[in-house]
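Colleague: I'd like to ask you about the structure that follows.
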Amino acid sequence: MPVDFSGTWNLVSNDNFEGYMVALGIDFATRKVAKMLKPQKVIKQDGDSFYIHTTSTFRDYLLEFKVGEEFDEETKGLDNRKCKSLVTWENDKLVCVQTGEKKNRGWTHWLEGDDLHLELRCENQVCRQVFKRA
Ligand code: VLZ
């Protein structure tokens, strides 16, 4: 059985989100609000087609892509940059490389036990998030 990320997931831990937001150039006031949030992710996976909706009381962010197909991403409501994004499988991990103005930008999703993990990378900062099924 291939890995299936589908479901509704609630954030339970968020390590160094602050450092990640600073690396993205998010302003102080926005960071202050954003780091208090407990975002929820709704993921719909159909084979290699993904819908990942990150929602919160403050901002939300929708990403739709197919694994292996590069797409133009505009991080509206986040740092508002444009990048070329490509998501690939690395074994059972879903790895995104976001090529653009920011070096070393991307993220990785994987499942560990009943938890959904997300590592967010930008420049020299790594944010580690863990989600549990709602
Ligand atoms: O996740 O790129 O699941 O896009 C945080 C919303 C969304 C809270 C972070 C507001 C998106 C923040 C992380 C205001 C600055 C992300 C991908 C992997 C899908």
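The values are calculated or read from the model by the stated rules, or taken from the named source; none is laboratory data. Just so it is clear, the structure is predicted and the values come from calculations on it, not from any experiment. Because the Cβ atoms are built from the backbone with ideal geometry, glycine has one as well, and the counts that use them run over all protein chains shown. Quick note on the areas: whole protein, heavy atoms, side chains included, nothing else; ligands and nucleic acids left out. Shrake-Rupley method; radii C 1.70, N 1.55, O 1.52, S 1.80 Å.
Colleague: Excluding residue 5 itself, what net charge comes from residues whose Cβ is under 15 Å from its Cβ, given Lys and Arg +1 and Asp and Glu -1?
Modeller: The answer is -4.
Colleague: Please give the calculated 222 nm ellipticity per residue for the chain, where each DSSP H segment of at least 4 residues contributes -39500 (n - 2.57) and the sum is spread over every residue; nearest 500 deg cm²/dmol? The partial results should precede the final answer.
Modeller: Working: 2 runs with 14 residues, N = 134.
Calculated mean residue ellipticity at 222 nm is -2500 deg cm²/dmol.
Colleague: Quick check on my link table: of 76/102; 44/132; 44/102; 84/132; 44/93; 93/132, which ones sit more than 24 Å apart, alpha carbon to alpha carbon?
Modeller: 44/102; 84/132
Colleague: Taking θ as phi - 60°, what are the ³J(HN,Hα) couplings along segment 48-61 by the Karplus curve (6.51, -1.76, 1.60), each to the nearest whole Hz, with x for Gly and Pro?
Modeller: Result, rounded to whole Hz: 9, 9, 10, 10, 10, 10, 9, 10, 7, 6, 10, 9, 9, 9.
Colleague: Near residue 99, within a Cβ-to-Cβ distance under 15 Å, what is the net charge of the other residues, with Lys and Arg +1 and Asp and Glu -1?
Modeller: Local net charge: -1.
Colleague: Okay, moving on. Out of every Cα-Cα pair in segment 1-52, what percent are more than 12 Å apart?
Modeller: Numbers: 928 of 1326 pairs.
Summing the P(r) of segment 1-52 above 12 Å gives 70 percent of all pairs.
Colleague: If you take the Cα atoms of the chain, find Rg, then find the Kirkwood Rh from the mean of 1/r over all pairs, what is Rg/Rh? Please report the intermediate quantities before stating the final value.
Modeller: Numbers: Rg = 14.0 Å, Rh = 15.1 Å.
Reported Rg/Rh, Kirkwood definition of Rh: 0.93.
Colleague: For residue 70 and residue 126, calculate 0.36 nm times their separation in residues minus their Cα-Cα distance, and state this gained length in nm to one decimal.
Modeller: 17.9 nm
Colleague: Now for a separate question. Given the protein chains as shown and a 1.4 Å probe, how many square angstrom of residue 133 are accessible, to the nearest 10?
Modeller: Approximately 130 Å² for this residue.
Colleague: Accessible area per residue of segment 7-133 at 1.4 Å probe, in Å²?
Modeller: Using a 1.4 Å probe on heavy atoms only, each residue of segment 7-133 averages 56 Å².
Colleague: Still on this model: Report ³J(HN,Hα) in whole Hz for each residue of segment 16-24, in order, from the Karplus equation J = 6.51 cos²θ - 1.76 cosθ + 1.60 where θ = phi - 60°; Gly and Pro get x.
Modeller: Values, residue by residue: 6, 5, 4, x, 5, 5, 4, 4, 7 Hz.
Colleague: What does the charge add up to near residue 128, with Lys and Arg as +1, Asp and Glu as -1, over the other residues with Cβ less than 13 Å from its Cβ?
Modeller: -4
Colleague: From the protein chains alone at 1.4 Å, what is the descending order of accessible area for 21, 36, largest first?
Modeller: The ranking, largest first, comes out as 36, 21.
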